[in-house]
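Written below as structure tokens is the structure these notes are about.
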Number of protein chains: 4
Amino acid sequence: MRAHETSLRIRYQETDNMGVVYYGNYFTWFEVARTEYFRSLGLIYRDLEAKGFYLMVAAASCRYKSPAKYDDMVTVKSSIPEIKNSSLKFEYKLSVDGRLIATGDSVHVFTNRSGHPVRMPGDVRKALT
Amino acid sequence: MRAHETSLRIRYQETDNMGVVYYGNYFTWFEVARTEYFRSLGLIYRDLEAKGFYLMVAAASCRYKSPAKYDDMVTVKSSIPEIKNSSLKFEYKLSVDGRLIATGDSVHVFTNRSGHPVRMPGDVRKALT
Amino acid sequence: MRAHETSLRIRYQETDNMGVVYYGNYFTWFEVARTEYFRSLGLIYRDLEAKGFYLMVAAASCRYKSPAKYDDMVTVKSSIPEIKNSSLKFEYKLSVDGRLIATGDSVHVFTNRSGHPVRMPGDVRKALT
Amino acid sequence: MRAHETSLRIRYQETDNMGVVYYGNYFTWFEVARTEYFRSLGLIYRDLEAKGFYLMVAAASCRYKSPAKYDDMVTVKSSIPEIKNSSLKFEYKLSVDGRLIATGDSVHVFTNRSGHPVRMPGDVRKALT
């Protein structure tokens, strides 16, 4: 499957005392990238939730390579290296002006409203493969 | 009604590029102070929501007097100067080591799950007055 | 002075337990709108800080009219109704699909690195008027 | 080295549309736990920064086991399983009422103000071992 790219401008709110982006905020960018990746495939995550499907996060990690600063434009390149019956894995590569700033990944499980794992909806599987 | 005091330690996550707390994060502290104020009166806000009552924010403001920094202990003094049929107003005074750092207020409306205003639940009114 | 418009997509991270955007996060959107307003006038706020000028927030407020939800596109219309020697005021009108969701304002003081008020830099005043 | 425990109350701000804590916010709790762990050893992280030592995050990860909700009290158990010349690793176990909700870890490098790795300050090493 092809990778997907999203760009976002770093907000003042996302920086910290060290003058760089707070490490926890990279996970928000992963979320933005996932949402836009899905949108590019015709999948609106909000609509999935409206139909009772939730993409719970099971695991997430980030390796920080080089600092990111206020007002930088970040490019997030996402891919989905793994698709299982009810889960999938995203990988992220973040860069600023071609300089790699971080890599990360997250594993997600499809659940129903009460949090129980369910099979990936057919239209999602179809769009992803 | 007597005022109520809560203390909290400033988190690194709450600071920004300027080396002080990001202005929007004061509103999170207001929320912590409201929750603890209610708890001190025997009102658990989580239980109110479980019963279908929500305290929607209608307005909020903050005046910043002096910067607050990472690891400072903030004291938030809250009071409720106004109680109406379905709404109430909180006022906040924030200080660090006796130095006033900010004042603020917020107005809240009791609503049901669908966001429609309802009368303040009887036990809340009783606890507040 | 003409008003300025920015748009942003609501992030999952910005929502809360009530299924709407957390009230404190509107202030982050105000920040994004200010930064983009300045950029549209050729003023890069990051460069101002690099030259030793900071725009400290002195006061901020928001009135919430109608809920905003995950994945909504928010339009923030900003204007600067007041310019003084060392301070200025922003006003914001936020809407989703033409529906007004909030209004707000913020007052900012130009300071040096140590937080002492200074006169507004000449190029900022020129660009703003 | 003995482990350390901190407790914190989940804030409304930390929850999201799914009615649980947003996955990125666990990393803020890791930060709180690190700071308090250091404090318990007589190490004030703020003072380290004042002396020119920074603990840059090199990597962080979290595995989510069971949802955490608004107003829950979270216990974060931290340990430092690895200490090197200029870096260290933290591990975290998070629970609510004895139920494991997440595990995580983070790797940190000591740097100077400009972000270059330096040897761990002597008093830190001494306190940690």
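Every number here is computed from the coordinates shown, using simple stated rules; none is lab data. Worth saying up front: this structure is predicted, and the values here are computed from it rather than measured. Methodologically, a virtual Cβ is constructed for each residue, glycine included, from the backbone with ideal geometry; neighbour enumeration extends over all protein chains shown.
Figures for the structure shown
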quantity: Choice from C:Ser79, C:Ser114, C:Ser66 showing the highest fluctuation, given a GNM over chain C with Cα pairs closer than 10 Å; calculated: C:Ser114
quantity: Whole-Hz couplings from phi, Karplus 6.51/-1.76/1.60, listed for region D:108-113; x for Gly and Pro; calculated: 10, 10, 6, 10, 8, 4
quantity: Label distances, nm, B:Arg99 versus same residue in remaining copies, Cβ-directed 7 Å point; calculated: 3.4, 4.3, 4.5
quantity: For D:Pro81, inter-copy label distances in nm, listed shortest first [label point 7 Å out on the Cα-Cβ vector]; calculated: 2.1, 5.4, 5.8
quantity: Lys, Arg +1 and Asp, Glu -1 on Cβ, resulting dipole of chain A about Cα centre, debye, nearest 20; calculated: 380 debye
quantity: Per-residue Cβ neighbour rank within 10 angstrom, fewest leading, C:Asp16, B:Asp47, B:Asp97; calculated: B:Asp97, B:Asp47, C:Asp16
quantity: Relative contact order (percent, whole number), region C:10-83, Cα cutoff 8 Å, 6+ residue spacing; calculated: 53 percent
quantity: Student exercise, the protein assembly as shown dipole from Lys, Arg, Asp, Glu Cβ charges, in Debye to nearest 20; calculated: 0 debye
quantity: Ranked C:Leu94, D:Leu48, B:Leu8, A:Leu100, criterion: other C-beta atoms within 10 Å, fewest first; calculated: A:Leu100, D:Leu48, B:Leu8, C:Leu94
quantity: Within region C:70-92: backbone nitrogen closer than 16 Å to the C:Arg125 label point (7 Å, Cα to C-beta); calculated: C:82-89
quantity: Which of C:Ser87, A:Ser95 has the fewest Cβ neighbours within 10 Å, and the rest in rising order; calculated: C:Ser87, A:Ser95
quantity: Residue and distance (whole Å) for the chain C Cβ nearest the axis that superposes C on D; calculated: C:Asp16, 3
quantity: Under DSSP loop assignment and at most 16 Cβ neighbours within 10 Å, longest trypsin sites (Lys or Arg not before Pro)-free interval of chain B; calculated: B:3-50
quantity: Exercise: per-residue mean of other protein chain Cβ atoms within 10 Å, B:27-34; calculated: 4
quantity: Computed E for A:Asp97/A:Lys51 - FRET, C-beta separation, R0 56 angstrom, nearest 0.05; calculated: 0.90
quantity: Those aspartates and glutamates that a straight Cα-Cα span of less than 15 Å connects to D:Lys84, excepting residues fewer than 8 apart in one chain; calculated: D:Asp123
quantity: Inter-part distance where region B:88-129 and region B:1-50 are each reduced to a Cα centre, Å; calculated: 11 Å
quantity: Inter-copy label distances at D:Arg125 (7 Å, Cα→Cβ; nm, one decimal); calculated: 5.5, 5.6, 6.8
quantity: On Cα atoms only, tilt of D:26-40 relative to the major axis of chain D in degrees; calculated: 50 degrees
quantity: Rounded FRET efficiency, nearest 0.05, which uses the C-beta distance separating A:Arg2 from B:Ser40 and R0 of 60 Å; calculated: 0.60
quantity: Selection from B:Thr111, B:Val96, B:Tyr64, by position along the positive dipole direction of chain B (Cβ); calculated: B:Thr111
quantity: Selection from B:Ser78, B:Pro121, B:Thr15, by position along the positive dipole direction of chain B (Cβ); calculated: B:Pro121
quantity: Partners for C:Lys77 among lysines (Cα-Cα distance below 18 Å; same-chain residues under 8 apart left out); calculated: C:Lys65, C:Lys89, C:Lys93
quantity: Relative contact order for chain D, counting Cα pairs under 8 Å that sit 6 or more residues apart, in percent; calculated: 30 percent
